[in-house]
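Peer 1: One structure is given below, represented as structure tokens, and several questions about it will come after.
The values are calculated or read from the model by the stated rules, or taken from the named source; none is laboratory data. Everything quoted here is computed from the prediction, not taken from an experiment. All Cβ positions, glycine included, derive from the backbone under ideal geometry; neighbour counts span all protein chains shown. In case anyone asks, the SASA skips ligands and DNA or RNA and just uses the protein heavy atoms, side chains included. Shrake-Rupley method; radii C 1.70, N 1.55, O 1.52, S 1.80 Å.
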Amino acid sequence: MSGAHILVVDDEPAILRALRANLAGHGFEVATVASAAACLEAYRRRRPDVIILDLGLPDMDGTEVIRHVRETGSTPIIVLSVRGAERDKVAALHAGADDYVTKPFGVDELLARIRVALRHAAGPSSGAEPVFHSGELEVDLERRRVLVGGEELHLTPTEYDLLRAFVSHPDKVLTDRTLLQAVWGPDYGDEIHYLHVYLARLRRKIEPDPQRPRYLLTEPGVGYRLHTDAGA
């Protein structure tokens, strides 16, 4: 992960200076910009490995920046914002963010979340894994390909990792905490809104009718389960 290119977007010069120094000191290549327009230009010019994004930018709200990035790519986006309300976090996640860190923040925590994002984007490094089939859903874990009815889907790294957690335990009930820790890491467990947002996004992509799920079923009061033909 050393040498990964991080794009930091914030209109506070002190934040930009601090993050550039700290991230560069940990071996990352860092670019900093102070506006949404500069962010989108930097993103087009050289796709970074991770974007760290403030929501309160002078020329565009950060959630709109997320939507623009998601129109063309799945680069992990970590929001870094003073806005701490759950509605702001949910809005950013709905737009396509992968994680959310509230200011003031600890550098060690941010570094940990960057490493999680990079692991999600990299996927499994080796080893042949089976192809999962259920109905029209097909998940090739080695090639990181997801198809429904023969059509390949575009999933963000976090969406894919959530689906992979289900595929690794077909027909088993997984609690909210189990899924959060499997996808976002052991320090997570209470960020239920993360899970609800990503379940909804994943259902919109893989389910014939997201309102009446065929694959990702809710087990009330417990968690969720990937229903398969074998478990019918």
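Peer 1: Using θ = phi - 60° and the Karplus form 6.51 cos²θ - 1.76 cosθ + 1.60, what ³J(HN,Hα) does each residue of region 175-181 get, whole Hz, x for Gly and Pro?
Peer 2: So the J values, rounded to whole Hz, are 6, 4, 5, 4, 5, 4, 6.
Peer 1: Keeping every protein chain present and rolling a 1.4 Å probe, give me the accessible area per residue for region 1-69 in Å².
Peer 2: 44 Å²
Peer 1: Cα gyration tensor of region 87-161, axes a ≥ b ≥ c as square roots of the eigenvalues: rounded (a/c below 1.5), prolate (a/b > b/c) or oblate?
Peer 2: oblate
Peer 1: Let me ask something else. Roughly how much of HIS154 is accessible, in Å² to the nearest 10, using a 1.4 Å probe?
Peer 2: Accessible surface of HIS154 is approximately 100 Å².
Peer 1: Excluding ligands and nucleic acids, what accessible area in Å² is computed for ASP98 using a 1.4 Å probe, to the nearest 10?
Peer 2: 10 Å²
Peer 1: Distance from a point 7 Å along Cα→Cβ of ALA18 to each backbone N in region 61-86: keep the residues under 15 Å and list them by number.
Peer 2: It comes to 80-83, nothing else.
Peer 1: While we're here: Want the number for GLU41 to ARG144: 0.36 nm per residue separation, take away the alpha-carbon distance, what's left?
Peer 2: Taking 0.36 nm per residue and subtracting the Cα distance, the gain is 34.2 nm.
Peer 1: Return the FRET efficiency for the residue pair ARG115, LEU217: r is the Cβ-Cβ distance, R0 is 35 Å, and the value is rounded to the nearest 0.05.
Peer 2: 0.65
Peer 1: For the chain, with all protein chains present and a 1.4 Å probe, just round the carbon and sulfur fraction of the accessible area to a whole percent.
Peer 2: 49 percent
Peer 1: Then there is this: Mind checking which of PRO104, LEU147, LEU163 is farthest towards the positive end of region 69-189's charge dipole, using Cβ charges of +1 (Lys, Arg) and -1 (Asp, Glu) about the Cα centre?
Peer 2: Of PRO104, LEU147, LEU163, it is PRO104.
Peer 1: Over the chain, one equal point on each Cα, no solvent: what is log10 I(q)/I(0) by the Debye formula at q = 0.11, 0.13, 0.14 Å⁻¹?
Peer 2: Here the Debye-derived log intensity ratios amount to -0.57, -0.79, -0.90.
Peer 1: Ok, one more. Accessible area per residue of region 133-223 at 1.4 Å probe, in Å²?
Peer 2: Working: 4430 Å² over 91 residues.
Solvent-accessible surface per residue comes out at 49 Å².
Peer 1: Right, here's the next one. Based solely on its DSSP helices, what 222 nm [θ] is calculated for the chain when runs of n ≥ 4 H residues each add -39,500 (n - 2.57) and the sum is averaged over all residues, nearest 500 deg cm²/dmol?
Peer 2: The helix contribution divided over the chain gives -12000 deg cm²/dmol.
Peer 1: Continuing with this model, one more query. Report the one residue of LEU80, THR218, VAL90 whose Cα lies farthest in the direction of the positive end of the charge dipole of the chain (charges on C-beta: Lys and Arg +1, Asp and Glu -1; origin at the Cα centre).
Peer 2: LEU80
Peer 1: Same structure, new question: Multiply the residue gap between SER168 and HIS5 by 0.36 nm, knock off their C-alpha separation, and tell me the result in nm, one decimal place.
Peer 2: Contour length minus the Cα-Cα distance gives 55.6 nm.
Peer 1: Note the full-extension length gain between THR175 and ALA200 as 0.36 nm times their separation in residues minus their Cα-Cα distance, in nm to one decimal.
Peer 2: Working it through step by step, the gained length comes to 7.4 nm.
Peer 1: Next question. Taking R0 as 45 Å, what FRET efficiency do you get between ASP229 and HIS68 from their Cβ-Cβ distance, rounded to the nearest 0.05?
Peer 2: Plugging the Cβ-Cβ distance into 1/(1 + (r/R0)^6) gives 0.70.
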